[in-house]
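The values are calculated or read from the model by the stated rules, or taken from the named source; none is laboratory data. Owing to the predicted nature of the structure, the values given are computational and were not obtained by experimental measurement. Cβ sites come from the backbone with ideal geometry, for glycine too, and all protein chains shown count toward neighbours. These accessible areas exclude ligands, DNA and RNA; they are computed on the full protein's heavy atoms, side chains included. Shrake-Rupley method; radii C 1.70, N 1.55, O 1.52, S 1.80 Å.
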Amino acid sequence: MAANLIADAMAKEWAGATEWGCNTRHLDIRSPSLPHLLFLSFLSPLSTPFAFIPDDLEVGYVPLSFGGAFPGLFLFTSPSRLVRPVKNVADPSGGRSEIELIGPFEQAFMEIKCLDGGDGGRRIPSFPATHEEIHPTAMLSVVASLTPWSDHNQSPRNMYQCQMAKQTMGFSSQALQFRADNKLFHLQTPQSPIVRTVAYDKYALDEFPTGTNAIVAVLAYSGYDMEDAMILNKSSVERGLCHGHIYETHTVDLTNNSRGKIDKVHEFGRIDKASGALPTNQRKKGPDPKQTIDIDGLPYVGQVMYPDMPIYSIIEKSKSEASVRKLKGSETAVVDYVAIEGTYAKPHSTIAKPHLQKARYRLRRPRNPIIGDKFSSRHGQKGVCSQLWPDIDMPFSGVTGMRPDLIINPHAFPSRMTIGMLLESLAAKGGCLKGSFVDATPFASSTSQTNAESQSKSGTPIEEFGPVLASYGFNYHGTEVLYSGVLGTELTCEIFIGPVYYQRLRHMVSDKFQVRSTGPINPVTRQPLKGRKTGGGIRFGEMERDALLAHGASYLLHDRLHTCSDYHVAHVCSLCRSLISTSSVQHKRKNGTQPIPGLNLGGSIASKIICHSCKSSKGIETVAMPYVFRYLAVELAAMNINLSLQVREGA
Ligand SMILES: [Zn+2]
């Protein structure tokens, strides 16, 4: 039910509208009726005698004002409205629960104070707060509430983290073996974060973790950690750090292959050497389909597939001919799961379809960290792996001998001000030493003032964990003396090192890298194709051209735009100045020799360029030009425009 009641002060009338089908209804305030009284009783929901008024009734009273919002009394009770819980401090024991659900309309007219004990910025003390927030983190979304100590970070970094948390390669499903997602990223060795918020446990995210507790050293070590690059410990990666897989499910449907013709039915199946001919497109080359495909035409589960290996085979029933489909792409995959779809049953069954025509197979592609893969902490600090550094060359702690899993550059901190990440490292170190998880819920200090039991806790995380570290013999501020792994000498300053929860992001270099020397071209323009899938090139556009010109690199420009693109040697007739009237003709030598069929004597037949317009080969010149220029000349000729070229020597 949604009803709103609008006061028209000039007409001394109430106007009510409901969703029950009637239009605006006018209720005369001078002669109150029963529905009128009912609406008036909604005015004070806290002291209403009617018990059936729902708890989540939203009441918004907009007083009459000039230039303000449309005045009226607005009541909302419809389902699926946006409501949020707050604590009622004005009337905590009015026969109802302390928690009240409020809506967005009434919220703007309410006095809700924060938990820090302040007055919430109210300037007029005569309007004391009637409600109080349950916890300051109520303003955070599900994703935002997972960032530890987000109240210590610069706010854009928290927003970056909210973006990146959605790109993590996590543990997205507990029922992987039953899933048929087109593409699913899966982290093989996830961990539960040592430093976590209350919301992390509340949303049970240990069931779906997104990262690993990595030992992070903040250190400029080899130059390979410049500009958000990060060095990964090679041995850590080999021990399983951030190992992951991509699951791809492919569906093959052969039902439409026959296009309604009964004699052209296709079904899965393999024809063996003994029982019949080899699959037609497998006679000449390639591995035997028997190695990877079972008798039903589908791949073996658990089979390791290399590029171009046969993955399934199809039989055309009428011809008893099999054809094999190969694994696409350049990556190795493992057949994870094969499923038959539909009601295919054994032969001679009348109920089910007689042919196996629809199947699904899931491939598993290993994606362990390599150079170029993307990682991020939970504080908007993303980075790309620049080296898998050998363990023996990593810096090590003088006291514990521990080597970091990951090295990031200290320049990542001053401008970004992600203090929460430093606190996380410190607290995780303390948590590790104590053997306990650490609560990193933001705005904890503002709630502790009202919460008597947490009064004993120190204010800031460093005041809490500094003494813990010191009691275990570590530096109060989380730094350690490190030694160079290469030289064995002590590093000249103490290094901040500790565990930080790192997420692996799904942007992987093996999905994105693009390289081409030569490759497919567009047959019309003879220029390289674009696109990674087709093995094409990367567009070198006008802005890139301008950049090279500005650098004076015209030879490089010529190389990119001409030599490596649509380089073409054209023949131009200097007599008629035409590009398109020339062509090569084969002619016999005048010495009268006849070519012997099947025997190439070499040079007995010569080709010669002539101009068909001038019937002569006298004025033919060779000119190097982009092939699209010839295309332009042809297009213009089609529009009856003659392109006339002036050919000069050494121009
Ligand atoms: Zn000519």
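If you go through segment 589-609 one residue at a time, do you hit one that is within 16 Å of the ligand (Cβ to nearest atom) and either at pLDDT 90 or above or outside the structural domain of Gly519 (by TED's automatic domain parsing) (or both)?
yes
Looking only at segment 522-533, decide whether some residue is of a type in the set (Ser, Thr, Tyr), part of a loop (DSSP other than H, G, I, E, B) and open to solvent by 80 Å² or more (accessible area, probe 1.4 Å). Don't jump to the end; show me each part of the working.
Filtering segment 522-533 down to residues of a type in the set (Ser, Thr, Tyr) leaves 525.
From what's left, part of a loop (DSSP other than H, G, I, E, B): 525.
Now drop any that are not open to solvent by 80 Å² or more (accessible area, probe 1.4 Å), which leaves none.
No, because not a single residue in segment 522-533 is of a type in the set (Ser, Thr, Tyr), part of a loop (DSSP other than H, G, I, E, B) and open to solvent by 80 Å² or more (accessible area, probe 1.4 Å).
Which numbered condition in (1) over 28 Å from the mean Cα position of the chain (by Cα); (2) touching a residue at least 60 places away in the same chain (Cβ under 8 Å); (3) under 30 Å from Gly420 (Cβ atoms) is the only one that Glu494 fails?
Every listed condition holds for Glu494 apart from (2).
If you scan segment 507-543, which residues turn out to be free of Cβ contacts under 8 Å to residues at least 12 places away in the same chain and either of a type in the set (D, E, K, R) or closer than 19 Å to Glu331 by Cβ (or both)? Before the answer, list the steps.
Applying the first criterion (free of Cβ contacts under 8 Å to residues at least 12 places away in the same chain) to segment 507-543 yields 511, 515, 517-518, 522-523, 529-531, 533, 539, 541-543.
Result: Asp511, Val515, Lys530, Gly531, Lys533, Arg539, Glu542.
Looking only at helices (runs of 4 or more DSSP H) that lie completely in segment 144-241, which have at least 3 residues being under 25 Å from Ile495 (Cβ atoms) and assigned by TED's automatic domain parsing to the domain that holds Asn409?
Hits in segment 144-241: 234-238.
Give segment 190-238 a look and list any residue that's open to solvent by less than 50 Å² (accessible area, probe 1.4 Å) and among the β-branched types (Val, Ile, Thr), or say none.
Correct list: Ile194, Val195, Thr197, Thr210, Thr212, Ile215, Val216, Val218, Ile231, Val237.
Within segment 92-119, count every residue that is open to solvent by less than 50 Å² (accessible area, probe 1.4 Å) and either at pLDDT below 80 or assigned to a loop (DSSP other than H, G, I, E, B) (or both).
Let us first name the residues in segment 92-119 that are open to solvent by less than 50 Å² (accessible area, probe 1.4 Å), namely 94, 100, 102-103, 106, 110, 112, 115, 118.
Narrowing the set further to residues that are either at pLDDT below 80 or assigned to a loop (DSSP other than H, G, I, E, B) (or both) leaves 94, 103, 110, 115, 118.
Counting residues in segment 92-119 that are open to solvent by less than 50 Å² (accessible area, probe 1.4 Å) and either at pLDDT below 80 or assigned to a loop (DSSP other than H, G, I, E, B) (or both) gives 5.
When the residues of segment 554-577 are narrowed to those that are in contact with a helix residue (DSSP H, G or I) (Cβ under 9 Å, 6 or more places away or on another chain) and over 23 Å from Leu643 (Cβ atoms), which ends up farthest from the ligand (Cβ to nearest atom)? Can you show your working first?
Filtering segment 554-577 down to residues in contact with a helix residue (DSSP H, G or I) (Cβ under 9 Å, 6 or more places away or on another chain) leaves 554, 556-557, 560-561, 565-568, 570.
With over 23 Å from Leu643 (Cβ atoms) added as a condition, the list becomes 554, 556-557, 560.
Values: Ser554: 32, Leu556: 36, Leu557: 32, Arg560: 33 Å.
Here the residue is Leu556.
Restricting to segment 307-324, and then to whatever is under 34 Å from the mean Cα position of the chain (by Cα) and without any contact (Cβ under 8 Å) to a residue 24 or more places away in the chain, can you tell me which residue is least open to solvent (accessible area, probe 1.4 Å)?
Met309
Can you tell me which condition Met417 does not meet? The list is (1) open to solvent by less than 40 Å² (accessible area, probe 1.4 Å); (2) at pLDDT 90 or above; (3) hydrophobic (A, V, I, L, M, F, W, C), and all the others hold.
Only one criterion is unmet by Met417, namely (1).
For residues that are assigned to a loop (DSSP other than H, G, I, E, B) and of a type in the set (A, V, I, L, M, F, W, C), scanning just segment 383-408, find the one that is most open to solvent (accessible area, probe 1.4 Å). Steps first, please.
At the first step, the residues of segment 383-408 found to be assigned to a loop (DSSP other than H, G, I, E, B) are 390, 394-395, 398-405.
This time we only want the ones that are of a type in the set (A, V, I, L, M, F, W, C), so: 394, 399, 402.
Numbers: Met394: 0, Val399: 132, Met402: 97 Å².
That would be Val399.
If a residue has to be more than 18 Å from Glu111 (Cα to Cα) and among the acidic types (Asp, Glu) to count, how many in segment 57-89 make the cut?
Matching residues across segment 57-89 total 0.
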